[in-house]
Amino acid sequence: MKSVFIENPHQVVMKDIPRPVRKLGEALLKLLYGGICGSDLGSYRGTFAYFSYPRTPGHEFSAEIVEVNDNDYGLKPGMVVTCNPYFNCGECYSCRRGLVNACMDNQTMGVQREGAFSEYITMPLERIYDGKGLDPRVLAVIEPLCISYHGVKQAEVQKNDKVLIVGAGTIGILAAIAAKQKGARWF
């Protein structure tokens, strides 16, 4: 199968690698769409400190389930899904307090572990989310939307609040949409 690798800064190659074999508790997924994050660009440019070379990038994506055992999550072959690309240890101080985003051993797909920009990947079942009929292109934007929405939620944006968002990249635009949905006013 084909997989994208960032070998070194400014050096992207396509490699033929073996198709992954899923383990118990995992599903085999076929990539449908992938989004290019600012961290992917930083990895390509050599400016993202947490990236190690060589690595397959990608953590914003949609996929189709190819293989999965019977499970309690309702996941079945043929379903179009998206996934949570952040892996936390579950044992550090932050994880024990439910603050998994502050895990001392965070491993993000495409940064500290292999990413989604391959024809096939495997994912733990608990990280897979049913797309519920959404277009696969929309599902590939769920991860940045969640980041933006979480920021607005943490800021406790209320109706008629004035909100300043610095940056008009994907995250900034989606944060503006989330703030507007919460009732923030435009300047």
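Relative to the longest principal axis of the Cα atoms of the chain, helix 142-154 runs at roughly 30 degrees.
About its Cα centre, the dipole of the chain is roughly 560 debye, where the only charges are +1 on Lys and Arg Cβ and -1 on Asp and Glu Cβ. With q set to 0.11, 0.19, 0.22 Å⁻¹, the log10 of I(q)/I(0) for the stretch 1-92, from the Debye formula over equal scatterers at the Cα positions, is -0.40, -1.05, -1.21.
Please compute the contact order of the stretch 35-187 in relative form: average sequence separation of alpha-carbon pairs under 8 Å and at least six residues apart, divided by the residue count, as a percent. For the stretch 35-187, the relative contact order is 22 percent. Across the stretch 72-77, coupling constants 3J(HN,Hα) worked out from phi with the 6.51/-1.76/1.60 Karplus curve, θ = phi - 60°, read 7, 8, x, 7, 9, x Hz, and Gly and Pro carry x. Axis angle, to the nearest 10 degrees, between helix 170-181 and the longest C-alpha principal axis of the chain: 50 degrees.
Whole-percent P(r), the stretch 2-55, all Cα pairs, 5 Å bins from 0: 4, 17, 21, 20, 19, 13, 5, 1. Pairs Lys30/Lys153; Lys76/Lys132; Lys162/Lys182; Lys2/Lys30: which are spaced more than 22 Å apart, C-alpha to C-alpha? Cα-Cα > 22 Å for Lys30/Lys153; rest within.
Per the Cα gyration tensor, the stretch 1-155 maps to an equivalent ellipsoid with semi-axes of 22, 21, 16 Å, ordered largest to smallest. If the segment from Trp186 to Asp130 were pulled out straight at 0.36 nm per residue, it would be longer than the present Cα-Cα gap by 16.8 nm. Counting every alpha-carbon pair across the stretch 30-81, the share separated by more than 13 Å comes to 65%. Taking Lys and Arg as +1 and Asp and Glu as -1, the other residues whose beta-carbon sits under 13 Å from that of Gly38 total -2.
Sorting the segments 6-17, 58-69, 29-40 by their residues' average number of neighbouring beta-carbon atoms within 10 angstrom, most packed first, yields 58-69, 29-40, 6-17.
Calculated mean residue ellipticity at 222 nm for the chain: -6000 deg cm²/dmol, from DSSP H runs with n ≥ 4 weighted as -39500 (n - 2.57), summed, divided by the residue count and rounded to 500. Largest mean-square fluctuation among Leu99, Leu139, Leu174, in a Gaussian network model of the chain whose springs join Cα atoms under 10 Å apart, belongs to Leu99. Starting from the Cα of Asp72, move 7 Å in the Cα-to-Cβ direction to define the label point; list residues of the stretch 22-51 whose amide nitrogen is under 20 Å from there. Counting backbone N atoms under 20 Å from the label point, the list is 23-28. Computed from backbone phi with θ = phi - 60° and the Karplus coefficients 6.51, -1.76 and 1.60, the 3J(HN,Hα) list for the stretch 124-133 is x, 4, 5, 9, 9, 10, 4, x, 6, x Hz; x is used for glycine and proline.
A dipole drawn for the chain from +1 and -1 charges on Cβ atoms has a positive end, and of Gly58, Thr108, Ala176 the residue lying farthest that way is Ala176. A Cα-only calculation for the stretch 76-118 places Rg and Dmax at 12.9, 38 Å.
FYI, it's all coordinate maths here, none of it is from the lab. This one's a predicted model, so the numbers in the text were calculated from it and none came from an experiment. We place every Cβ from the backbone using ideal geometry, glycine too, and count neighbours over all the protein chains shown.
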